[in-house]
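The structure appears below as structure tokens.
We did not get these values from a lab; they are worked out from the coordinates using the rules stated. Note that the structure is a prediction, hence the values are computed from the model and not measured. Cβ atoms come from the backbone with ideal geometry, glycine included; neighbour counts cover every protein chain shown.
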Amino acid sequence: MSNSKKGNRYSEDFKNQLYELNLNGKSVPTLASEYGIPTGTIYKWFSELKPIAHTEDGTPVNKKEMDAMRKRIRELEMENEMFN
């Protein structure tokens, strides 16, 4: 029997729904209480979802998307090095 504790996994849609509820006035402690999720977890999700930049056309980009773009750029740079 394993001693490791596995946490719940929540979909990106669910996290986005909570983020939208927060933007519309629901506090993090209220959301945490209603959904049974620790406030720290919700704050972490929100820090990942909060826009940190905008594209040239004004589309917001959050930390998670920015990290994915940076990772993809590194992959493409490595590919490019292999062909040069």
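Cβ crowding within 10 Å, taken as a proxy for footprinting-reagent exposure, orders Met82, Met66 from fewest neighbours to most as Met82, Met66.
Less than 5 angstrom separates the built amide H of Ile52 from those of Val61, Asn62, Lys63, all sequence-distant by 5 or more or on a different chain. Between Leu21 and Thr55, the modelled label-to-label distance comes to 2.9 nm, taking each label 7 Å out from Cα in the direction of the beta carbon. Its Cα gyration tensor gives region 43-84 an equivalent ellipsoid; the semi-axes, largest first and in whole Å, are 27, 13, 4. Over the C-alpha trace of the chain, radius of gyration and Dmax come out as 17.6, 55 angstrom. Simple rule: put +1 on each Lys or Arg Cβ and -1 on each Asp or Glu Cβ in region 12-83, find the dipole, and look at Leu18, Thr30, Gly58; the Cα lying farthest toward the positive end is Thr30. Rounded to the nearest 20, the size of the Cβ-charge dipole of region 12-83 about its Cα centre is 380 debye, with Lys and Arg at +1 and Asp and Glu at -1.
Among the GluC sites (Glu not before Pro) within region 35-84, those in coil by DSSP and having at most 12 neighbouring Cβ atoms inside 10 Å are Glu56. For the chain, trypsin sites (Lys or Arg not before Pro) meeting the loop criterion (DSSP other than H, G, I, E, B) and having at most 10 other Cβ atoms within 10 Å: Lys5, Lys6, Arg9. Averaging the sequence gap over all C-alpha pairs within less than 8 Å and six or more residues apart, then dividing by the number of residues, gives the chain a relative contact order of 15 percent.
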